[in-house]
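Throughout, read-outs are computed from the coordinates displayed, never taken from laboratory work. Nothing here was measured: the structure is a model prediction, and the numbers come from that model. For neighbour counting, all protein chains shown are included, and Cβ atoms are generated from backbone atoms with ideal geometry for every residue, glycine included.
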């Protein structure tokens with residue numbers, strides 16, 4: 001079946017850390033320019049799953065994956081696939097803001113420089129554009145030489161989003177991007193995510209069910225390595241088909 | 001009512017005793033250092049009563065044990081400098097490459113096995129390195145460089161570099177390993193290669209630790225004694241030619257200490273002046289190391 005709206009076609013993936021079976025036979029389709037949220041209790045595999053989507057698990061020595069993940073009809077895990085290109089196309093923002101210990105400007109320029117963009121005017125333009133898209137430009141435009149680590153947590157996280165945007169990805173993966181932030185900073189990031197879906201496909205892992213309900217179009221509920229339910233966010237939060245999902249979203253466990 | 005008094009006073013005496021014992025231990029090392037500095041200082045002071053400091057710093061010959069006495073420390077400094085420079089040329093590039101490999105490329109298991117083995121290199125007695133330089137490396141080098149003397153700066157310099165390498169790699173690796181993996185992930189997620197992550201993210205972030213490992217390595221090379229005493233020769237020479245016999249400050253001190261130079265003579269006092277010079281060098285290096293650490297910590301980039 002060919003559907004141009006589908007960017008990720010995940011078919012029957014299983015994953016292990018050593019002997020531990022962390023993802024069990026998961027299939028999912030992720031749609032273009034939508035926000036897909038992954039929720040579930042700690043240790044349910046949602047972050048592992050997210051990291052499979054841009055091969056960030058490659059660095060974990062005892063990690064093993066079976067099954068197939070197609071990104072626009074290309075197999076992400078085929079031997080011919082270049083993981084560097086994969087990660088460039090499918091960017092990621094992490095749980096804790098992790099700006100480089102460099103200036104704000106260089107934090108964003110870094111990703112461009114590693115691809116050989118050295119033209120100063122071009123760099124300047126992309127830095128400004130990325131910071132604007134990350135809703136950070138007005139706050140930092142006069143201090144681009146300041147160390148990124150000197151920013152507040154929320155600003156750092158937006159800097160990381162700007163950094164991810166700068167290399168012009170098609171997808172941005174968010175791994176609990178607000179779990180280290182206060183409510184005001186969280187609200188800003190959520191607004192931003194809703195903006196971003198106009199241009200990018202967004203997949204977000206979150207602990208916060210209200211967040212999933214607020215920002216996402218589709219929601220997947222993971223538990224103990226199983227994808228229990230995956231559907232429209234509205235449906236998941238109003239009339240979940242599975243009893244486990246209902247118990248989780250109504251706060252009966254988790 | 002239960003009385004607390006007796007127990008408390010006994011405990012207080014015990015606490016005071018512990019306090020005093022710990023203070024004593026701490027002061028012991030401080031007093032030793034002060035004692036060494038004072039001894040060095042007074043003997044050096046005596047030395048400079050007889051030899052002008054200008055001669056000491058400008059003369060290019062060092063012949064205190066000969067009839068025609070010259071006291072130009074520069075010859076010994078040159079020897080120390082050339083050997084240390086060669087050692088650094090070996091230890092720094094290899095050390096940092098080892099560190100990058102162990103920290104960024106190797107599997108954790110490989111690292112667990114290899115790192116202790118590298119550190120064993122540091123445990124080999126320096127006298128063994130000295131004979132290794134004299135009896136193995138020098139003859140080997142001679143087959144490439146026919147003009148090489150039996151005693152020279154090159155061979156002990158190279159061997160000293162090998163000896164210092166584990167220190168550089170181990171300390172640099174510790175510094176790189178301490179760089180949070182979140183920084184690496186951030187760069188990987190932008191599509192950086194392993195090499196780009198290592199050179200553009202990890203090394204800059206670990207720079208203060210790497211730099212201080214370099215400076216400590218220099219300090220170690222400057223103070224290293226046995227290898228140069230055995231393999232570099234005993235000819236103070238104001239020259240940076242690595243192919244001829246030279247003498248370092250440390251090797252000179254050994255030479256006089258082992259000889260029959262009577263205490264109190266000017267020949268004997270030279271070792272304190274030489275020792276003072278060495279002390280000033282290492283002190284300066286340690287200060288530089290601290291300064292580098294502070295500077296790079298502040299900027300952290």
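At-a-glance table
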read-out: Helix-only mean residue ellipticity at 222 nm for chain A, each DSSP H run of n ≥ 4 adding -39500 (n - 2.57), per residue, nearest 500; value: -10000 deg cm²/dmol
read-out: Gyration tensor (alpha-carbon) shape descriptor, segment A:27-97, a/c threshold 1.5; value: rounded
read-out: Average beta-carbon neighbours from other chains, 10 Å sphere, peptide A:144-153; value: 1
read-out: Residues residue B:23 and residue B:145, FRET efficiency given R0 of 41 Å [Cβ-Cβ distance, rounded to 0.05]; value: 0.10
read-out: Relative contact order for chain A, counting Cα pairs under 8 Å that sit 6 or more residues apart, in percent; value: 27 percent
read-out: Compactness of chain A - radius of gyration and Dmax, Cα, Å; value: 18.2, 56
read-out: Ranking of B:89, B:98 by count of other Cβ atoms within 10 Å, fewest first; value: B:89, B:98
read-out: Coordinate range along principal axes, alpha carbons of segment B:74-295, Å, largest first; value: 68, 41, 28
read-out: Antiparallel content of DSSP bridges confined to chain A, in %, to 5; value: 60 percent
read-out: Residue-averaged beta-carbon neighbours from other chains (10 angstrom radius) around A:53-59; value: 2
read-out: Gyration tensor verdict on segment B:2-50 (Cα atoms; rounded if a/c is under 1.5, prolate if a/b is larger than b/c, oblate otherwise); value: prolate
read-out: Under the Debye formula (equal points on every Cα, no solvent term), log10 I(q)/I(0) of the protein assembly as shown at q = 0.09, 0.12 Å⁻¹; value: -0.83, -1.08
read-out: Relative contact order computed over segment A:52-171 (Cα-Cα under 8 Å; 6+ residues apart), in percent; value: 34 percent
read-out: Cβ neighbours within 10 Å from other chains - mean over B:178-188; value: 5
read-out: Cα gyration tensor category, rounded, prolate or oblate, for segment B:159-279 with a/c compared to 1.5; value: prolate
read-out: Gain in span if fully extended, residue B:243 to residue B:135, counting 0.36 nm per residue against the direct Cα distance; value: 37.3 nm
read-out: R0 of 51 Å, Cβ-Cβ distance residue B:193-residue A:210: FRET efficiency to nearest 0.05; value: 0.85
read-out: GNM flexibility winner over chain B from B:109, B:16, B:220 (Cα, springs under 10 Å); value: B:16
read-out: Helix A:104-113 axis, angle to chain A major axis (alpha carbon atoms, nearest 10°); value: 70 degrees
read-out: Residue A:199/residue A:150 FRET efficiency (R0 45 Å; Cβ-Cβ; nearest 0.05); value: 0.95
read-out: Residue order, fewest to most surrounding Cβ atoms within 10 angstrom, among A:5, B:46; value: A:5, B:46
read-out: Candidates A:116, A:67, A:40, ranked by Gaussian network fluctuation over chain A, Cα under 10 Å, top entry; value: A:116
read-out: Chain B - mean residue ellipticity at 222 nm from DSSP helices (-39,500 (n - 2.57) per run, n ≥ 4, rounded to 500); value: -22500 deg cm²/dmol
read-out: Rough spin-label spacing in nm, given labels placed 7 Å along Cα→Cβ, for residue B:113 and residue B:68; value: 6.1 nm
read-out: Inter-probe distance in nm under a simple model that places probes 7 Å from Cα toward Cβ, at residue A:180 and residue B:266; value: 6.7 nm
read-out: Alpha-carbon Rg with Dmax, taken over segment A:112-180, Å; value: 12.3, 37
read-out: Surface/4 of the Cα convex hull for segment B:1-151, nm²; value: 20.5 nm²
read-out: P(r) histogram, all alpha-carbon pairs of segment A:1-129 included - 10 Å bins from 0, percent; value: 10, 35, 32, 19, 4, 0
read-out: Cut-off 12 Å (backbone N to label point 7 Å along Cα→Cβ of residue A:31), residues of segment A:211-254; value: A:217-219, A:231-235
read-out: Peptides A:239-249, A:155-165 ordered by average Cβ neighbours within 10 Å, highest first; value: A:155-165, A:239-249
read-out: Relative contact order of chain B, defined on C-alpha pairs under 8 angstrom at six or more residues apart (%); value: 25 percent
read-out: Span from the segment B:27-65 Cα centroid across to the segment B:221-261 one, whole angstrom; value: 18 Å
